[in-house]
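Below you'll find the structure, written out as structure tokens, and then a few comments.
The values are calculated or read from the model by the stated rules, or taken from the named source; none is laboratory data. Keep in mind it's a predicted model, so treat the numbers as computed, not measured. Here the Cβ positions follow ideal geometry from the backbone for every residue, glycine too, while neighbour counts run over all protein chains shown.
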Amino acid sequence: MKQDKIIQIALTIVALSAISSLVLITVFVFKEGLPIILRVGAKDFFLSGDWYPGEGKFGIMNMIIGSLAVTAGAIIIGAVFGLGCAVVLTQFAPRQLVVILKPAIEVLAGIPSVVYGFIGVVVLVPLVREYLGGPGLSILTSSIVLGIMVLPTITSISVDVIQAVPKSYRDGAIALGATRWQTTHMVILKAAKSGILAAFILGMGRAIGETMAVIMVAGNALELPHSILDPVRTLTSNIALEMGYAAGEHRQALFATGVTLFVIIMILNTIALTISRRSAGKAAKK
């Protein structure tokens, strides 16, 4: 009994230390970033595209749009291929093939982002430049790279969600004469849609927070993009590129950019957790 109490206390300390670290990071980032937002004004900071730190202008609208555009493209690509992989792995593929494919997809999560960026620069950028036009460093290239990077997240969560659907749903649909695809499309995916949506949102949070690969393939232009073939600078890229030499208000503005990114990711994670809990609650009731 005494040993159990010691283990309980130790685990509680570990849990509190993790929470404390998160709180400290949050307080530090907001402490450094909020003053410049209040001084410049939320309207000029969030709704202006004028980013000229030397002149005291700190507008991040173009970077917000760039981040959302790249993330949206990545989620479209990741969602299509990720959900497709999950459906194949859980409903159609032979067990021998699943044993090979599932670990192979999960390995993608362990590859450093700089490797994805390097492959994007060497392979994708020349292809986009030659066949679609533009500089090659663009929203499209970044979206493809990030779409591949979020593929393991979306696939893994979708597989778990689909496998959690009660087997009786599938058996009932087949007993009524539905084909395998009709059962998957009309029954399995509809029953798992909340969890699949949560997978997409978590993948979105992963994509919007990526830095190194995006720096290498996005072009890092501060102008407002008008096409998916235009270069952009994302919020994370801006922080990574300028933090090394920033000082004073410029440094505070980069922390404020981090605050913006922090809030966006927290909102996405909260939505994902809410959807997952709601899905679990509905499954428990059934």
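Here L97 meets each of (1) more than 20 Å from the chain's Cα centre (by Cα); (2) in a helix (DSSP H, G or I); (3) at pLDDT 85 or above with one exception, condition (3). Screening S48 with (1) surrounded by 15 or more Cβ atoms within 10 Å (Cβ to Cβ); (2) small (G, A, S); (3) part of a helix (DSSP H, G or I) gives one miss only, at (3). Look at the stretch 161-181: where a residue is hydroxyl-bearing (S, T, Y) and surrounded by 16 or more Cβ atoms within 10 Å (Cβ to Cβ) and a partner is at pLDDT 85 or above and in a helix (DSSP H, G or I), sitting 6+ places away or on another chain with Cβ atoms under 7 Å, you get Y169/V187; Y169/I188; Y169/A191.
The residue that is nearest to F46 (Cα to Cα), among those in the stretch 204-227 that are touching a Gly at 6+ places or on another chain (Cβ under 7 Å) and part of a loop (DSSP other than H, G, I, E, B), is L224.
Comparison of A79, A86, A72 shows that the only residue that is over 22 Å from I267 (Cα atoms), touching a helix residue (DSSP H, G or I) at 6+ places or on another chain (Cβ under 8 Å) and either among the aromatic types (F, W, Y) or assigned to a helix (DSSP H, G or I) (or both) is A86. When the stretch 217-235 is filtered for residues that are β-branched (V, I, T) and either surrounded by 22 or more Cβ atoms within 10 Å (Cβ to Cβ) or free of Cβ contacts under 8 Å to residues at least 40 places away in the same chain (or both), the ones remaining, listed by number, are V217, V232, T234. For Y245, the criteria (1) assigned to a loop (DSSP other than H, G, I, E, B); (2) touching a residue at least 12 places away in the same chain (Cβ under 8 Å) hold in every case but one, which is (2).
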